[in-house]
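To start, the structure under review is shown below, and the notes come after it.
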Amino acid sequence: MAAGPVTHVLDELVWQAWKVMAPPEGFRAEIIDEVIEVSPPRRRRHAVVVNRLRRYLAPQWVGGDYAAYQGVHVIHRRKVWIPDLFIAPEDLDEIPDEEDLGVDASGVRAVFEVVSLGREAQSRDRKRKRRAYARAGIPLYVLIDDFDGDGTVVILTAPDPDKAVYAEEHRVPYGTDAVIPDGPAKGFVIGEAIVGP
C-alpha cells in the first residue's frame, strides 16, 4: 500500500517529536507502527536472559565481521527500535542512519527480543515489532518468550517487507535446543544455558 502525503507528514511529525523526547533514565522510546511507545526498565529475569544471550553469542565472532549489540537505535524509514540484542557488522560505522542517531536497519542481520511481562509488552514483541522488523527486511527475528506456554523460542526468517510478515516460523519449546538456521549466527543454540532458571 502506497503512503500518501498525509502519512508522510504524520511520520515526520512523530519522528521530530521522538528526536526531542527525553524519557526518564532507563526508559526506552521507540517508534512502532507510527506511534511513539515508551517502555519502562526491564525486570531482572529479562536482563539475565539478554546478558546470557550476548555472552554466549560474543565468542562466535572474535576477530570476525559481526558483533552483538545492545542499547543502540535501529532505524528504518522514520521508525525507531531498540532491540534487546541485535547482530550487525563489527564496525557499526558501516551502517549509519542518515541523521547519525543509530544504525540503518538494512545492515542488521538479526534481532533478538526477550518478551516482557504484561499484555502490552507481549503484544509489542509478538505482533508490532514482528511486523516492523519484517517490513524492514531484517533476515532473522528471534523471540525468547517465557510467557508462551512453558516457554518458547520463536525463530522467524524469510521476511516479506511488502506484506510485513515472516514467511518462515519455527517454534521450539523450552527444554529443546533452538538452532539458528542461517546468517552470521548460523548454528548458534538457544537452550537451557540461556533460557533456564
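Derivation of every value follows stated rules applied to the coordinates shown; laboratory data play no part. All of these numbers come straight from a predicted model, not from anything done at the bench. Ideal geometry is used to build each Cβ from the backbone, glycine not excepted, and the neighbour counts take in all protein chains shown.
Helix 44-57 and the long axis of the chain differ in direction by around 80°, with both axes built from C-alpha atoms.
Hydrodynamic estimate: the Kirkwood radius of the range 49-197 over Cα pairs, inserted into Stokes-Einstein at 25 °C and 0.890 mPa s, corresponds to D of 159 µm²/s. Given the chain, what count of lysine pairs have C-alpha atoms under 25 Å apart, with each pair 8 or more places apart or on different chains? Number of lysine pairs found: 10. The packing ranking of peptides 173-182, 103-112, 18-27, highest mean first, is 103-112, 173-182, 18-27, where packing means the average number of other beta carbon atoms within 10 angstrom of each residue. For the chain, the mean residue ellipticity at 222 nm estimated from helices alone is -6500 deg cm²/dmol, where every DSSP H run of n ≥ 4 contributes -39500 (n - 2.57) and the total is divided by all residues, rounded to the nearest 500.
For the pair residue 58 and residue 7, the difference between a 0.36 nm per residue extended length and the Cα-Cα distance amounts to 14.4 nm.
Placing R0 at 41 angstrom, the Cβ-Cβ distance between residue 22 and residue 179 gives a FRET efficiency of 0.50 after rounding to 0.05. In the range 42-176, a dipole from Cβ-located charges (positive for Lys and Arg, negative for Asp and Glu) runs towards its positive end, and of 46, 157, 76 it is 46 whose Cα lies farthest in that direction.
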